[in-house]
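The values are calculated or read from the model by the stated rules, or taken from the named source; none is laboratory data. Quick caveat, the model's predicted, so the values are computed rather than measured. So basically every Cβ, Gly included, is an ideal-geometry build from the backbone, and we count neighbours across all protein chains shown. Each accessible area value is taken on the protein alone, full model and side chains, heavy atoms only, with ligands, DNA and RNA left out. Shrake-Rupley method; radii C 1.70, N 1.55, O 1.52, S 1.80 Å.
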Amino acid sequence: MSEQPASRPSVEGAAGRLAGIAANLARVIHAPKETLRNCVLCLVAEGHLIIEDLPGVGKTTLAKALARSVDVSFARLQFTPDLLPSDVTGVSVFDQEAGAFRFRPGPVFANVLLVDEVNRASPKTQSALLECMQ
């Protein structure tokens with residue numbers, strides 16, 4: 001039986017850290033443990049999570065708490081009919097002082113992004129989000 005290198009965490013250690021993150025979320029959000037566990041697993045798997053629920057139940061608070069629990073950036077994007085694809089992805093802006101273009105990243109560059117009311121935006125803007133999710 002060979003031992004694991006010291007630099008690689010054990011499965012038990014990783015599971016314990018993930019359980020600790022879920023427990024930290026439970027201190028802020030009153031939700032079923034399975035829901036919190038799935039949110040943490042989705043983050044670790046670098047996946048996308050759709051939460052559909054009534055307004056005011058804590059979806060934004062859950063996303064913020066998850067980002068803070070693992071010390072990553074958080075952004076919220078409210079889709080409106082006037083939102084442009086560049087508002088999602090970012091845009092290059094000419095900096096007159098430097099005489100060059102500077103890229104201003106959009107909210108999709110956050111580690112945890114909460115997108116609200118996707119169906120209100122134009123198809124082009126929705127497509128920009130979906131391309132980034134790919």
field: Label of the coordinate-derived value, Cα extents along the principal axes in Å, listed as (i) 44, 32, 22; (ii) 60, 41, 25; (iii) 107, 31, 25
entry: (ii)
- request: Go through segment 117-123 residue by residue and turn each phi into a ³J(HN,Hα) via Karplus (6.51, -1.76, 1.60, θ = phi - 60°); whole Hz please, and just put x for glycine and proline.
  value: 6, 4, 5, 7, 7, 5, x
field: Estimated dipole of the chain in Debye, rounded to 20 [Cβ of Lys and Arg +1, of Asp and Glu -1, Cα centre]
entry: 300
query: Expressed as a whole percentage, what fraction of the accessible surface of the chain belongs to carbon and sulfur atoms when a 1.4 Å probe is rolled over the protein heavy atoms?
result: 54
message: Taking every DSSP beta bridge with both residues inside segment 56-134, roughly what % is antiparallel (nearest 5)?
response: 55
Per-residue SASA entry for Cys42, accessible area with 1.4 Å probe, Å² rounded to 10: 30
field: MRE, 222 nm, helices only [DSSP H, n ≥ 4, -39500 (n - 2.57), over the chain, to nearest 500]
entry: -13000 deg cm²/dmol
- request: Please identify, among Gly90, Gly56, Gly99, the residue showing maximal mean-square fluctuation in a Gaussian network model of the chain using a 10 angstrom Cα cutoff.
  value: Gly99
- line: Counting only DSSP beta bridges with both partners in the chain, the antiparallel fraction in percent, to the nearest 5, comes to 55
- request: Calculate, for segment 31-124, the solvent-accessible area per residue in square angstrom, rolling a 1.4 angstrom probe over the heavy atoms of the protein chains.
  value: 70
message: With a 1.4 Å probe and all protein chains kept in place, how do Asp87, Asp53, Asp71 rank by accessible area, largest first?
response: Asp71, Asp53, Asp87
- prompt: Pick from Ala100, Ala14, Ala67: which is most flexible by mean-square fluctuation in a GNM of the chain where alpha carbon atoms under 10 Å apart are linked?
  reply: Ala100
task: Identify, among Leu41, Val11, Phe103, the residue whose Cα sits farthest towards the positive end of the charge dipole of segment 1-126, taking +1 on the Cβ of Lys and Arg and -1 on the Cβ of Asp and Glu, with the dipole about the Cα centre.
output: Val11
statement: Once the in-chain neighbours fewer than 8 apart are removed, the lysines whose Cα is under 25 Å from Lys33 read Lys59, Lys64
